[in-house]
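The values are calculated or read from the model by the stated rules, or taken from the named source; none is laboratory data. As the structure is a computational prediction, the values presented were derived from the model and not from experiment. We place every Cβ from the backbone using ideal geometry, glycine too, and count neighbours over all the protein chains shown.
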Amino acid sequence: MKIHEFQAKAILAKYGVPVPRGVVANTLPEAAEAAKTLFANGATGVVVKAQIHAGGRGKGGGVKVVRTQADAEAAAAKILGMQLITHQTGPQGQKVQRLLVEETASIDRELYLGIVLDRAVGKLVFMASKAGGMEIEEVAAKDPTAIVKEVIDPAVGLAAYQGRKLAFALGLKPTQINQAVAFFQSLYKAFVETDASLVEINPFITTTDDKLFALDAKMTFDDNALYRHADVRELRDLAEEDPLEVEASKYALNYIKLDGSIACMVNGAGLAMATMDIIQYAGGSPANFLDVGGGATQEQIEHAFEILLSDASVKAIFINIFGGILRVDRLAQGVVAAARKLSVTLPIVLRLEGTNVEEGRQILKESGLNFQVGSTMKEAADLVVAAAKVGA
């Protein structure tokens with residue numbers, strides 16, 4: 001689950017991470033009042049920042065630094081309500097529905113910090129780089145040595161000596177080292193205690209008076225741990241998510257929308273990934289990732305169909321099931337019932353294996369509906385790609 005910058009900063013501030021003073025605004029009057037308050041309390045300038053779940057906001061015109069109240073109000077009027085397009089939103093962009101109005105800082109240097117799980121070593125890794133303000137993927141591609149990493153032992157946590165190594169690698173001043181160690185350890189504590197999956201500070205800044213701040217902040221969380229964090233779960237902004245993905249989450253369906261024309265319904269994440277790969281191999285393009293799980297009910301299968309059919313770009317449906325916990329005959333009954341109830345007219349291709357597979361194939365055959373069944377994944381993929389081309 002993703003959250004907004006202002007929400008991430010509020011969480012980090014609770015853990016002692018220094019962040020600039022800022023106020024969230026949902027309307028233009030609120031934005032004007034926020035700027036007025038900051039100027040009245042000593043700010044020499046303010047930054048008006050669009051709050052959307054995407055990076056690259058500054059390049060898209062969603063971040064403006066201003067020095068006067070009038071300019072702050074003009075910037076807010078321009079940004080609030082705009083359809084902000086960045087490299088992460090896609091060409092359709094994302095509507096800006098709230099702003100963060102924040103005091104400016106006397107920036108000396110812009111750096112980068114991040115914490116992620118490194119699956120290769122099975123531990124969290126604290127990353128730091130002097131290339132603050134840039135996309136870390138771009139930095140890694142051009143010069144991997146520009147990123148310094150410290151692997152964290154979960155039994156110990158981020159040790160002080162590791163914090164000092166990171167601080168020295170960033171070239172911080174001697175007067176900033178102890179501040180930096182405390183900053184890094186607070187960041188790590190926030191990551192662990194909130195069950196985050198990513199914390200990124202870009203840029204992490206030093207100021208001309210030797211202070212350290214998280215000038216921007218990004219946090220995402222492990223969906224499977226949200227039951228332990230009701231306060232974090234309440235920060236979810238459904239308006240920032242794809243409507244079909246939101247609908248799927250209501251029925252415990254793992255759905256991610258993609259740009260292709262062949263809808264996929266699969267049980268098991270690994271099989272779903274393999275299904276998308278073989279569709280590509282056969283010359284098609286998947287319209288989604290959809291894992292119905294091992295114990296899908298008929299109701300879930302019906303809702304899965306509804307979600308797939310709601311995507312106007314879908315020209316054919318590929319159902320790839322390996323029956324284990326979910327028996328093939330039960331799946332077949334659900335598919336037939338859903339196809340009849342929803343009057344599905346799109347071509348449906350199935351590949352079925354596992355428990356009660358012959359019974360499942362018989363149910364499909366006797367349904368009288370226009371199903372195609374492939375005996376192998378490759379055969380089924382070829383059938384569904386051909387069907388999608390006919391329907392295009």
message: Any residue that is small (G, A, S) and either part of a helix (DSSP H, G or I) or at pLDDT 90 or above (or both) - is there at least one of those in segment 293-301?
response: no
- prompt: What pairs can you find where one residue is in segment 174-190 and among the basic types (K, R), the other is crowded, with 20+ Cβ neighbours inside 10 Å, and their Cβ atoms are less than 9 Å apart, with a gap of 6+ or different chains?
  reply: K189/L158
- prompt: Quick check: is even one residue across segment 193-201 touching a residue at least 40 places away in the same chain (Cβ under 8 Å), small (G, A, S) and in a strand (DSSP E or B)?
  reply: yes
- request: Evaluate the following for L352: is it assigned to a loop (DSSP other than H, G, I, E, B) and in contact with a strand residue (DSSP E or B) (Cβ under 7 Å, 6 or more places away or on another chain)?
  value: no
- prompt: In segment 154-189, what residues are surrounded by fewer than 22 Cβ atoms within 10 Å (Cβ to Cβ) and among the small types (G, A, S)?
  reply: A155, G157, A159, A160, A169, G171, A182, S186
field: Close pairs from segment 218-231: first part of a helix (DSSP H, G or I), partner acidic (D, E), Cβ under 6 Å, at least 6 apart
entry: A225/D195
Positions within segment 1-16 being of a type outside the set (F, W, Y), touching a residue at least 40 places away in the same chain (Cβ under 8 Å) and out of contact with any Phe, Trp or Tyr (no Cβ under 6 Å at 6 or more places or on another chain), in sequence order: K2, I3, H4, E5, Q7, A8, K9, I11, L12, K14, G16
Test result for T275, modelled with pLDDT of 90 or more, more than 30 Å from G81 (Cα to Cα) and not basic (K, R): yes
task: Taking K365 as meeting all but one of (1) touching a residue at least 12 places away in the same chain (Cβ under 8 Å); (2) part of a helix (DSSP H, G or I), write down the number of the exception.
output: (1)
- line: When restricted to L166, L124, L158, the only residue assigned to a loop (DSSP other than H, G, I, E, B), within 20 Å of A214 (Cβ to Cβ) and not acidic (D, E) is L158
message: I need the full set of residues from segment 3-49 which are charged (D, E, K, R), closer than 25 Å to E241 by Cβ and either buried (at least 18 other Cβ atoms within 10 Å of the Cβ) or in contact with a helix residue (DSSP H, G or I) (Cβ under 7 Å, 6 or more places away or on another chain) (or both), in order please.
response: E5, K9, K49
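Tell me, which residue of segment 1-54 that is in a loop (DSSP other than H, G, I, E, B) and among the hydroxyl-bearing types (S, T, Y) is nearest to F191 (Cα to Cα)? Outline the logic, then answer.
Restricting attention to segment 1-54, the residues satisfying the condition of being in a loop (DSSP other than H, G, I, E, B) are 1, 3-4, 15-21, 26-27, 41-45, 51-54.
Imposing the further condition that a residue be among the hydroxyl-bearing types (S, T, Y) reduces the set to 15, 27, 44.
On the way: Y15: 10, T27: 31, T44: 32 Å.
By that ranking, first place goes to Y15.
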query: If you take the residues in segment 232-264 that are in contact with a Leu (Cβ under 6 Å, 6 or more places away or on another chain) and in a helix (DSSP H, G or I), which one is modelled with the highest pLDDT?
result: R233
- request: Considering each residue of segment 208-217, count those that are modelled with pLDDT under 95 and part of a strand (DSSP E or B), and give that number.
  value: 0
